Amino acid sequence: MKKVESFELNHRKVVAPYIRKCCVLTGEKGDMVSKFDLRFLQPNKEAMPTASLHALEHLLAGFLREQLEDIIDISPMGCRTGFYVTLWGDRSHEEIKEALEYALKKVLDAKEVPASNDLQCGNYRDLSLFGAKEYARSILEKGIRTNCYAE
Ligand SMILES: [Zn+2]
């Protein structure tokens, strides 16, 4: 089996919230893709309820795209401690951090969760704007690190 990058990360040693650049891949034609681990909660200590994580997914999908060109995807982690974001190009931690802070601040002022209906979402009943705001506030208060391991 091929190595899975995230399985190589020492989840006991990381200190959340942080942004980690997982990899930069180069395609056959030279196009580059960067993937980041946006870790909001401490692994194996905390996990977000699905309604909060799901609402953050909907909200960040729009707000991050306001700041970052060329997002390919932003998806929640199955362990419910954060998200992965994938973008075209070789991108910097600083750029992602700035965009994430902007997006989380916008979450605090959001009046509704976008696409919270059965046409646009696969489980629209499981969305919590209140929860999304509480987690966004707490992550901003703690501060987002650009080094995943304790300094
Ligand atoms: Zn949804």
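The values are calculated or read from the model by the stated rules, or taken from the named source; none is laboratory data. Here the structure is a predicted model, which means the values were calculated and not measured. We place every Cβ from the backbone using ideal geometry, glycine too, and count neighbours over all the protein chains shown. Just so you know, the surface numbers come from the protein's heavy atoms only, side chains and all, with ligands and any DNA or RNA stripped out. Shrake-Rupley method; radii C 1.70, N 1.55, O 1.52, S 1.80 Å.
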Just wondering, is there one or more residues in segment 118-132 that are at positive phi, in contact with a His (Cβ under 7 Å, 6 or more places away or on another chain) and part of a loop (DSSP other than H, G, I, E, B)?
no
Failed criterion for LEU9 (all others in (1) aliphatic (A, V, I, L, M); (2) modelled with pLDDT under 95; (3) open to solvent by 30 Å² or more (accessible area, probe 1.4 Å) hold)
(3)
Within segment 76-116, of all residues that are within 16 Å of the ligand (Cβ to nearest atom) and of a type in the set (A, V, I, L, M, F, W, C), the one farthest from VAL15 (Cα to Cα) is ALA115
Can you confirm whether segment 22-39 contains a residue that is in a helix (DSSP H, G or I), under 15 Å from CYS148 (Cα atoms) and at pLDDT 95 or above?
no
Output the qualifying pairs, or none if there are none: Cβ atoms under 6 angstrom, residues six or more apart or on different chains, first residue in segment 8-37 and free of Cβ contacts under 8 Å to residues at least 12 places away in the same chain, second residue open to solvent by 40 Å² or more (accessible area, probe 1.4 Å).
THR26/MET32
Does segment 44-66 include one or more residues that are farther than 28 Å from ASN117 by Cα, open to solvent by less than 70 Å² (accessible area, probe 1.4 Å) and not polar (S, T, N, Q)?
no
Residues being within 16 Å of the ligand (Cβ to nearest atom), of a type in the set (S, T, N, Q) and free of Cβ contacts under 8 Å to residues at least 60 places away in the same chain - total across segment 117-145
2
